[in-house]
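Visitor: Okay, handing you the structure first.
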Amino acid sequence: MQTTTTGSIAASKKQLARGAAIAALVAGVLLVGAVLPAEYGIDPTGVGKSLGLTAMYNAAPVPAAATTGAMPADAALPTTVTPGSTVSAKGEQRGISIASRQVAAYRSDVEEYTIPPHKGIEVKTRLAKGATLIYSWKTKGGEQLNHDFHGEPVDAGRNEFESFILEKGVQESRGSLIAPFTGVHGWYWKNNSDLPVTLVLNASGFYSDIYKK
């Protein structure tokens, strides 16, 4: 009896073509959903952000330049992210973990400032990208102030800044920041009363200095 292999060869070619098409599709999905967000910061589908992959692109080495000259000793080392971890507290949605080794020395300062009536003052720290600042402040007599905790990048243009915490009519505040960019970060207080107000600021972290602007 004579047998033919024409049908089986045709079927094999169809299977190969289908397999190649599936492989190309998978490669395209990986490129758009993983490679582009992690390597180039391009995330057209939003999947990279949800998986924490865009954070890997944003965790770039810190520039050596500072706000007033070079400050390589104050630069934070590259940030480390762990997007693949699934550890979380019970009943809580996990956030993206961000940790970075610090080059700048840890410091802690207690500062006291008096704000004249209907005036404002600004106090700044110099932070490298990825460096941490923790603070608390309180007026001595319970007086209320307007408060703006904000930052400006190196060589910032006019009105180029970011407000992180804005508060009106508060006598105290506390917070923390992992600097999103190298620059100056700090506080602005406005005293709208007819009397001077004195506040005490407690700051700590990996900043190079603290000064009244």
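The values are calculated or read from the model by the stated rules, or taken from the named source; none is laboratory data. Here the structure is a predicted model, which means the values were calculated and not measured. Reconstructed Cβ throughout: ideal geometry from the backbone, glycine too, with neighbour counts over all protein chains shown.
Visitor: Going through 43, 74 one at a time, which residue ends up being modelled with pLDDT under 90, touching a Lys or Arg at 6+ places or on another chain (Cβ under 8 Å), in the same structural domain as residue 185 (by TED's automatic domain parsing) and among the charged types (D, E, K, R)?
Guide: Within the list 43, 74, the selection yields 74.
Visitor: Right, another one. Can you go through 151, 142 and tell me which one is surrounded by 13 or more Cβ atoms within 10 Å (Cβ to Cβ) and not basic (Lys, Arg)?
Guide: So the residue among 151, 142 that is surrounded by 13 or more Cβ atoms within 10 Å (Cβ to Cβ) and not basic (Lys, Arg) is 151.
Visitor: Listed residues 202, 159; which is in the same structural domain as residue 108 (by TED's automatic domain parsing) and more than 14 Å from residue 108 (Cα to Cα)?
Guide: Answer to the selection: 159.
Visitor: Only residues that are assigned to a loop (DSSP other than H, G, I, E, B) and among the acidic types (Asp, Glu): list them for the stretch 117-160, please.
Guide: Within the stretch 117-160, 143, 155, 160 qualify.
Visitor: Next up: Of the residues 168, 212, 190, which is in the same structural domain as residue 118 (by TED's automatic domain parsing), among the basic types (Lys, Arg), surrounded by 14 or more Cβ atoms within 10 Å (Cβ to Cβ) and at pLDDT 95 or above?
Guide: 190
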